[in-house]
Amino acid sequence: MEIRILHKQGKSIRQIARELGMSRKTVRKALDPAGVSGYRSRPVVASKLDPYKPYLVERVKAAHPDWLPATVLWREIRERGYPGGITLLRLFLVRLRPVEAVEPLVRFETEPGEQCQVDWIEFRQGKDALAALVATLGYSRMSFVEFVSNMQLPTLLACLDHAFEYFGGVPRTLLFDNMKTVVGLRDAYGKGHHRFQPAFWDFAHHHGFRPQLCRPYRARTKGKVERFNGYLRRSFYNPLASRLRQAGMKVDTVTANIEVGRWLREVANVRIHATTGVSPIERMLRERSRLGPLPPPWPGQLPVSRIMPAGQCPFPRVSSFPEAPAQHALRVYESLLENQV
């Protein structure tokens, strides 16, 4: 009542608040019988993204519990006619799942041709196992991926052969974690002098690279390939698996290798890398000349029927790429699905 009397006497909200020792917000509330401020909500304006929101919700549901990055979904809806930018899409996706903070990785830079980081990434286990060997060059961040059904020694050596052919040369060192197909016993001959698996050691000697091992329980020593593994899962495998799942199909090695070759060529190796500021293929043009030469076929004593011979790499060699590749939107596997449905 005092507030209303003072207001009728012509005093301002500021004067009333000072005289009664309360906030201006409290004074405004008392003067508004309905308790509603003078602000009016803005009319709802149609968004460019509205026609695509049902599709986005279905894609997110199909990929659950995995998450599809905004960059992937943006490419997909652009191919369906979306005229807007990615910022509007990111704001919408935040409502579907809050963005989690990612712990930064510490990386050590290497000279061109010096190091390649190698790792396995598993997608399924059991009788229907699916994994991929990933090899990332330390300087350029150029990456090679091959999907396989097992992670045995013959498969590892075959994939490495294909990676060298894909890069067009052999790096001086290859960094691995402590997988049994690579090392038999760490520090067997003193600190840092390991007993490598005999066939693998012979393979390394033949190809002219020196194997190195991460410290135990420190897989992040090979942070470049670890980071790429996450990118491969989020931006390639999850979108492919969810689309095939919607069509009642499952990812196999043949399908995955067909699509990952295109993805490496059109997306992963031509994107602007967040750390280097340039695309991997651009830095690869400088690193290519620093790689060691490709050797003749390895005459090792392993079941040759389980190793794809050199010269049959499923992906084209990097040197066959154009010198100034343009980044194109990744096809969303429509042609693949049309052929298999």
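Read-outs: derived from the displayed coordinates by stated rules, not from any lab. As the structure is a prediction and not an experimental result, all values here were calculated from the model. We place every Cβ from the backbone using ideal geometry, glycine too, and count neighbours over all the protein chains shown.
Using a cut-off of 12 Å between beta-carbons, work out the net charge of the residues near W120 (Lys and Arg +1, Asp and Glu -1, W120 not included).
Working: positive: K180, K222; negative: D119, E122, E146, D177, E226.
Residues close to W120 contribute a combined charge of -3.
What residues qualify as long-range amide H neighbours of S279, i.e. H under 5 Å apart, gap of 5 or more or another chain, H built at 1.01 Å from N?
Under 5 Å from the amide H of S279: H273.
How many nm is it between the label spots at Q9 and D252, if each spot is 7 Å from the Cα in line with the beta carbon?
Calculated label separation equals 8.9 nm.
Which part of the stretch 234-263 falls in the paramagnetic zone of R124, meaning amide N under 16 Å from the point 7 Å along Cα-to-beta-carbon?
237-259
Can you put C159, C116 in order of Cβ neighbours within 10 angstrom, beginning with the fewest? Working shown, then result.
Values: C159 25, C116 30.
Final ranking by Cβ density, sparse to dense: C159, C116.
Which links in K191/K224; K53/K250; K29/K53; K127/K191; K180/K250; K127/K222 stretch past 31 Å when you go from one Cα to the other?
Details: K191/K224 25 Å; K53/K250 26 Å; K29/K53 39 Å; K127/K191 39 Å; K180/K250 29 Å; K127/K222 29 Å.
Those over the limit are K29/K53; K127/K191.
Are there any chymotrypsin sites (Phe, Trp or Tyr not before Pro) in the stretch 116-225 that are in a DSSP loop and have at most 13 other Cβ atoms within 10 Å? List them by number. Please list the in-between numbers first.
Numbers: sites: W120, F123, Y139, F144, F147, F164, Y166, F167, F176, Y189, F196, F200, W201, F203, F209, Y217; in loops: Y139, Y189, F209, Y217.
In loop regions of the stretch 116-225 (DSSP not H, G, I, E or B), the sparsely surrounded chymotrypsin sites (Phe, Trp or Tyr not before Pro) are Y189, Y217.
Rank the residues T87, T181 as a footprinting-exposure proxy: fewest other Cβ atoms within 10 Å of their Cβ go first.
Numbers: T87 10, T181 18.
With the fewest neighbours first, T87, T181 line up as T87, T181.
Most exposed first by the Cβ proxy, i.e. fewest other Cβ within 10 Å, how do V225, V72 rank? Show your work: numbers first, answer last.
Working: V225 24, V72 21.
Starting with the residue having the fewest Cβ neighbours, the order is V72, V225.
Can you list residues whose amide H is under 5 Å from L175's amide H, if they're 5+ apart or on another chain and H is modeled 1.01 Å from N?
C116, Q117, V118, Q212
If I model a spin label as a point 7 Å beyond the Cα along the Cα-Cβ vector, how far apart are those points for T26 and K48 in nm?
That separation, rounded to one decimal, is 4.8 nm.
Could you check the simple spin-label distance between R233 and R186, using points 7 Å along Cα→Cβ, in nm with one decimal?
2.2 nm
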